[in-house]
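Can you read through this structure? Questions will come right after.
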C-alpha cells in the first residue's frame, strides 16, 4: 500500500483492530469503536484503523446480519490488508484471537491486546450475537480506559 493510511486522520491515540480475515470480529470492533469515539466526542483525539493479515473477499454475511439487528449497517465495508506501518504507528493493536496457526501482526511499538474471541464465520445467529455483544463490551472498556488520559492531555 503506497498511500499514507493516516491521511485525514488526527488524534492523540491510534488504535488498530486486527484479525486474520478482517471479515468479522475486527470489522465489528472497528464499527463499535467509531460509535464510541463519536459518543464521547473524541473524533479529533482517537484514530482508528482495521485490517487483516490475510483479508477475505467480503465481510461475513452472519456478521452483517448480527450488526443489522442492532441498527448498524456494515454492508459497505470491505476487508483490507493491515500494513506493517499501520501496526507500527498504533498505540494499541487489538487482535481478535491469535491462535498458533494464525498469521498475526508483529513489530508494533504500542501495546498489544489479544481478545481471544471466537471467529463468527459459520456460527449460528445466537453465537454471532454473543460474540458481537462481547466485542461491544470490550470496546467500551477500552474507551473507558483511554478517555481519562485523553481528557488530561
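Name every residue in the stretch 108-139 that is in a helix (DSSP H, G or I) and either surrounded by 15 or more Cβ atoms within 10 Å (Cβ to Cβ) or touching a residue at least 60 places away in the same chain (Cβ under 8 Å) (or both), in order of residue number.
125, 128, 129, 130, 131, 132, 134, 135, 136, 138, 139 - these are the residues of the stretch 108-139 that are in a helix (DSSP H, G or I) and either surrounded by 15 or more Cβ atoms within 10 Å (Cβ to Cβ) or touching a residue at least 60 places away in the same chain (Cβ under 8 Å) (or both).
Just one of (1) at pLDDT below 95; (2) buried (at least 17 other Cβ atoms within 10 Å of the Cβ); (3) touching a helix residue (DSSP H, G or I) at 6+ places or on another chain (Cβ under 7 Å); (4) more than 15 Å from residue 119 (Cα to Cα) trips up residue 43, so point out which.
(2)
Yes or no: the stretch 84-105 includes at least one residue that is loosely packed, with under 14 Cβ neighbours inside 10 Å, at pLDDT below 95 and part of a strand (DSSP E or B).
Within the stretch 84-105, not a single residue is loosely packed, with under 14 Cβ neighbours inside 10 Å, at pLDDT below 95 and part of a strand (DSSP E or B).
Out of all the residues in the stretch 18-40, which are touching a helix residue (DSSP H, G or I) at 6+ places or on another chain (Cβ under 8 Å), modelled with pLDDT of 95 or more and not in a loop (DSSP other than H, G, I, E, B)?
25, 27, 28, 29, 31, 32, 33, 36, 37
Related question: What single numbered condition from (1) modelled with pLDDT under 95; (2) surrounded by fewer than 24 Cβ atoms within 10 Å (Cβ to Cβ); (3) in contact with a strand residue (DSSP E or B) (Cβ under 7 Å, 6 or more places away or on another chain) fails to hold for residue 8?
(3) is the only condition that residue 8 fails.
A follow-up question, please. Restricting attention to the stretch 61-83, which residues are in contact (Cβ under 8 Å) with a residue 60 or more places away in the chain, touching a strand residue (DSSP E or B) at 6+ places or on another chain (Cβ under 6 Å) and part of a loop (DSSP other than H, G, I, E, B)?
82
The values are calculated or read from the model by the stated rules, or taken from the named source; none is laboratory data. From a predicted model like this one, the values you see are computed outputs, not experimental measurements. Positions of Cβ are generated from backbone atoms using ideal geometry, with glycine treated the same way; all protein chains shown enter the neighbour counts.
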